[in-house]
1. Suppose the filter is of a type in the set (D, E, K, R) and part of a helix (DSSP H, G or I); does ASP21 pass it?
2. Looking at SER239, SER248, which one is within 26 Å of ALA36 (Cβ to Cβ), surrounded by 14 or more Cβ atoms within 10 Å (Cβ to Cβ) and hydroxyl-bearing (Ser, Thr, Tyr)?
3. Mind checking which residues of the stretch 210-250 are assigned to a loop (DSSP other than H, G, I, E, B) and closer than 15 Å to ASN191 by Cα?
4. Quick one: THR188 ticks every box in (1) outside any loop (DSSP other than H, G, I, E, B); (2) of a type in the set (Val, Ile, Thr); (3) outside the structural domain of SER72 (by TED's automatic domain parsing); (4) surrounded by 20 or more Cβ atoms within 10 Å (Cβ to Cβ) except a single one, so which number is it?
5. Would you check which residues across the stretch 198-218 are surrounded by 11 or more Cβ atoms within 10 Å (Cβ to Cβ), basic (Lys, Arg) and more than 23 Å from the chain's Cα centre (by Cα) and list them?
6. Among the residues of the stretch 60-105, which ones are of a type in the set (A, V, I, L, M, F, W, C), within 17 Å of SER174 (Cα to Cα) and within 13 Å of the chain's Cα centre (by Cα)?
7. Considering each residue of the stretch 251-266, count those that are among the basic types (Lys, Arg) and either part of a strand (DSSP E or B) or farther than 23 Å from ALA182 by Cβ (or both), and give that number.
Amino acid sequence: MKFDELHILKGYFDPMAISDDDKARRQELADYLTDAFLYFFSVYEVHSMHNSMLKQALYEQLLADKISDAVSKVTGIDAYMSEHIRTLAKEVVQTTINHADKKKLNESQADPLKSDSSEDDSALLINNPLEPLDSPLPTSSGSLIEEELPLISEEDDEVEEIMENEAVSEYWFSIRRAMNIAYNETNTFLNYTDFVEAKERGAKTKTWLTMLDNKVRDTHEEVEGQTVGIDEYFQVGNSQMQFPHDLSLSPDPTEVINCRCAVDYK
């Protein structure tokens, strides 16, 4: 299987079949989202260093609020967006905790004298509970935001240097991870916005557009140039999607993560 390459530092949105204004809007949102994820990583690391961890649900709410703030600066947020924000925050927090625990385990094994004990619930810092999201959330359709490895291409010239200079465990709190998630999620949010706006202006059809190069995954190449009705679904591999990054029918994550396909609405 071939995957679109991730070149965050080399104009990630530039090759997409979208207008320059849309590219600029996506870059703006990606920057805001990167800051949101880095903020969460920093808060979590500080709490971990000082043994002052919050309950997981509070971290999820904290990150969901930061993501919502970022998205609202660029586009509107409806029930679909709110559902995905909550799912995104939950998955990012859970993955972060999982890898933080692995890091602590490795450190304790390397140094048997290092304590790995944690405080009980009564010692958690929950004096200032976070406010809930304003809009009600429908039942989550489920989606995989990240896999258990960094979302960087194996062909990326920088990968070897990254792995040599940055411990894999440190990746999960790094700017690279924040950017990986942010750029991918920018397409998730704004592809949905494009679809909604196309329907509002009366578009009747939509055409799937790939990058037209040898890095496009095979299943996306199969739908290149395919035109369907505005409310119809594209069959992408074993998944159905109304547009690239559509999560409404719980698509296979391999059809979503790092996809830079676009849609031409008529």
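The values are calculated or read from the model by the stated rules, or taken from the named source; none is laboratory data. What you are looking at is a predicted structure, and each value in this text was computed from that prediction instead of being measured. Counting neighbours? That spans all protein chains shown, and the Cβs are built from the backbone with ideal geometry, glycine included.
1. Taking the combined requirement at face value, the residue satisfies it.
2. Residue meeting the stated conditions: SER248.
3. Of everything in the stretch 210-250, those that are assigned to a loop (DSSP other than H, G, I, E, B) and closer than 15 Å to ASN191 by Cα turn out to be THR210, ILE230, ASP231, TYR233, GLN242, PHE243, PRO244, HIS245, ASP246, LEU247, SER248.
4. For THR188, the exception is condition (3).
5. Once the filter is applied, which keeps residues that are surrounded by 11 or more Cβ atoms within 10 Å (Cβ to Cβ), basic (Lys, Arg) and more than 23 Å from the chain's Cα centre (by Cα), the stretch 198-218 yields LYS199, LYS204, LYS206.
6. Scanning the stretch 60-105 gives LEU63, ALA89, VAL92, VAL93.
7. Looking only at that region, the number is 1.
Condition check ((1) touching a Phe, Trp or Tyr at 6+ places or on another chain (Cβ under 8 Å); (2) touching a residue at least 40 places away in the same chain (Cβ under 8 Å); (3) outside the structural domain of LEU88 (by TED's automatic domain parsing)) across all residues:
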| position | (1), (2), (3) |
| --- | --- |
| LEU209 | no, yes, yes |
| ASN214 | no, yes, yes |
| ILE230 | yes, no, yes |
| GLN235 | no, no, yes |
| ASN238 | no, no, yes |
| MET241 | yes, no, yes |
| SER248 | yes, yes, yes |
| GLU255 | no, no, yes |
